[in-house]
Number of protein chains: 2
Amino acid sequence: MEKGKLYGVGIGPGDKELITLKAVNTIKNADVIALPDSFSGKNRAYEIVKEYIDDKETIYLPMPMTKDKEHLKASHESGAELIISYLDKGKNTAFVTLGDPSVYSTYMYVHRIVESKGYNVEMVPGVTSFCASAARLNISLCDGNEPLIIIPANYKDNKELLKLSGNKVLMKSGKKIAKVKTEIEECNLTDKTYMVENCGMEEEKIYKDFSKISDESSYFSLIIVKG
Amino acid sequence: MEKGKLYGVGIGPGDKELITLKAVNTIKNADVIALPDSFSGKNRAYEIVKEYIDDKETIYLPMPMTKDKEHLKASHESGAELIISYLDKGKNTAFVTLGDPSVYSTYMYVHRIVESKGYNVEMVPGVTSFCASAARLNISLCDGNEPLIIIPANYKDNKELLKLSGNKVLMKSGKKIAKVKTEIEECNLTDKTYMVENCGMEEEKIYKDFSKISDESSYFSLIIVKG
């Protein structure tokens, strides 16, 4: 029997309309839908794709929000094994991921394991949270000769990158917002700082005034620093 | 009469399926479609959206591929004026742009002029060329604690940014490919370099081996350097 193929499907930042035609078609054509089962991602991802799943088999992969590397690695391995058990039955499996699969997604860990075992894998790109946030702010991320620097949530030295010329995105800053705010102040960038909390969700909040950014912001907060 | 609204609609990197539902709906609901009339962008953008335009009024904005700042500024001003003439008639206008409007798009110049004159503007984010290229390469752009640095086509000092830790994207490197290749060699990054030429098009080429990258590559070539 021919093996199934794994698709890593980016479904965009959270707004149901910001899914691509390719993501919809890939989900509709798949035999099995895999969803990340993490406290933050599960409901959002499911809410976006549920209308395309119909009565397909749906599996939930435990993706713990932990920094314990062994624990993380074990969850990626077991997720990959579960998916492989379906690929071995010839079932094409669509692993649904918020945003874009190439940008800080848990999907890629599973993708690499499954690919290394000789299975076919394919990624379907999606709209990133930073492009969606710039759109909600009505601003550009980068023009002309300006570089754009994307800084992950737990980067070791934000100030080192904030000091470079170009525009910056600080991903999912919510948990460390007080620290990030201090760093932005120390780099004299407060008047060039914008934030979107829960972009595209009902509870979305847009901040164009640094002094209004709360220390209690949600995990899904993204900061854009211009210039 | 109520004024019309300007929508900046990202239609993705070139693959017809990589347009979002929101982009399709915005185009279908608009009264007028504006397309950039540049030698590189016109046909690609039109080919993607033509099936949604039907018999709507379509206008072409001259967007010259020049570095002459006065010439560029004049073309943005006249593009904005043309759009405003439709907004003043109450016509909602969708300006279609390849990729995402917040990432190195000509649209933003027109957007800022129109917004500064008191009109309503809205951006519809799209899939970027770098996310689409990573998907075609089956690789991530950034994992875990890795920053991602997007370097524009005409950046003054690529090596300065190539030397930083993290992953890099060199946008539209085609015209300067020989220079960029030398810079990558000088930074000892040849074994971490990938390129996609004409991503998502019929003439697409994927390079996972640095030595195979041609000095004659197209304007629409994007390089990803890992690590």
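B:Glu185 sits with roughly 100 Å² accessible to a 1.4 Å probe, with DNA, RNA and ligands left out of the calculation.
Starting from the label point of A:Glu57 at 7 Å along Cα→Cβ, the same points in the other copies fall at 5.5 nm, in ascending order.
Each of B:Met201, A:Tyr60, B:Met63 was placed along the dipole of the protein assembly as shown (beta-carbon charges, centred on the mean Cα), and the one lying farthest toward the positive end is B:Met63.
Once every DSSP H run of n ≥ 4 in chain A is given -39500 (n - 2.57) and the sum is divided by its residues, what mean residue ellipticity at 222 nm do you get, rounded to the nearest 500 deg cm²/dmol?
On the way: 7 runs with 74 residues, N = 227.
The per-residue figure over chain A is -9500 deg cm²/dmol.
What's the magnitude of the charge dipole for region A:92-183 around its Cα centre, counting Lys and Arg as +1 and Asp and Glu as -1 at the beta-carbon? Answer in Debye, nearest 20. Could you put the intermediate results ahead of the total?
Values: 12 positive and 8 negative charges, 106 e Å.
Charge dipole of region A:92-183: 520 debye, to the nearest 20.
Using heavy atoms of the protein chains and a probe of 1.4 Å, the accessible area assigned to A:Phe220 is about 50 Å². Of all beta bridges that DSSP places with both ends in region A:129-225, some 75 percent have antiparallel geometry. Beta-bridge orientation, chain A: approximately 35 percent antiparallel, per DSSP, counting only bridges with both partners inside. Sketch the reach of a paramagnetic label on A:Ile59 as a point 7 Å from Cα along Cα-to-Cβ, and name the residues of region A:93-111 whose backbone nitrogen lies under 16 Å away. Answer for region A:93-111: A:93-97, A:107-111. By the equivalent-ellipsoid construction on the alpha carbon gyration tensor, chain A comes out with semi-axes of 34, 18, 15 Å, ordered largest to smallest. With respect to chain A, whose longest principal axis is taken over its alpha-carbon atoms, helix A:177-186 is tilted by about 40°. Here the contact order of region B:91-200, divided by its residue count and restricted to Cα pairs under 8 Å and six or more residues apart, works out to 22 percent. Comparing region B:164-206 with the 2.2 N^0.38 Å rule of thumb, its C-alpha radius of gyration ratio is 1.25 (two decimals).
Under the √(5λ) rule applied to the eigenvalues of the Cα gyration tensor, what semi-axes describe the equivalent ellipsoid of the protein assembly as shown? Give them in Å, descending. It would help to have the intermediate numbers written out before the result.
Working: eigenvalues 209, 130, 120 Å².
Here the semi-axes work out to 32, 26, 24 Å.
Among beta bridges from DSSP that stay inside region B:5-124, the antiparallel ones total about 5%.
Accessible surface calculations at 1.4 Å, restricted to protein heavy atoms, place the protein assembly as shown at 43 Å² per residue. For region B:5-124, the share of accessible area belonging to carbon and sulfur comes to 46 percent (1.4 Å probe, ligands and nucleic acids excluded). Rounded to two decimals, the Cα radius of gyration of region B:116-202 over 2.2 N^0.38 Å is 1.29.
Using only Cα atoms, what Kirkwood radius does region B:5-124 have, in angstroms? Display every interim value, and only then the final one.
Values: mean 1/r = 0.0711 Å⁻¹.
Mean inverse Cα-Cα distance, inverted, gives 14.1 Å.
Filter the cross-link list A:Lys67/A:Lys176; B:Lys73/B:Lys175; A:Lys156/A:Lys208; A:Lys175/B:Lys226; A:Lys67/A:Lys212 down to pairs whose alpha-carbon distance in this structure exceeds 21 Å. Write down the numbers at each step before the final one.
On the way: A:Lys67/A:Lys176 15 Å; B:Lys73/B:Lys175 23 Å; A:Lys156/A:Lys208 26 Å; A:Lys175/B:Lys226 27 Å; A:Lys67/A:Lys212 30 Å.
Correct reply: B:Lys73/B:Lys175; A:Lys156/A:Lys208; A:Lys175/B:Lys226; A:Lys67/A:Lys212.
From a point 7 Å beyond the Cα of B:Lys89 in the direction of its Cβ, which residues of region B:18-38 have a backbone N at a distance under 12 Å? Under cut-off, by backbone N: B:31-33. Its relative contact order, with pairs defined as Cα atoms under 8 Å and 6+ residues apart, puts chain A at 22 percent.
With a 1.4 angstrom probe, the accessible area lost at the A-B interface totals about 4100 Å². When the solvent-accessible area of region B:129-225 is split by element, carbon and sulfur atoms take up 45 percent of it, the probe being 1.4 Å.
Given R0 = 25 Å, the distance between the Cβ atoms of B:Lys117 and A:Ile206 translates into a calculated FRET efficiency of 0.70.
The values are calculated or read from the model by the stated rules, or taken from the named source; none is laboratory data. Please read these numbers as outputs of a predicted model, since none were measured by experiment. When we count neighbours, we look across all protein chains shown, and the Cβ atoms used for this are built from the backbone with ideal geometry, even at glycine. Please note that ligands, DNA and RNA were not included when accessible areas were found on the heavy atoms of the full protein model with its side chains. Shrake-Rupley method; radii C 1.70, N 1.55, O 1.52, S 1.80 Å.
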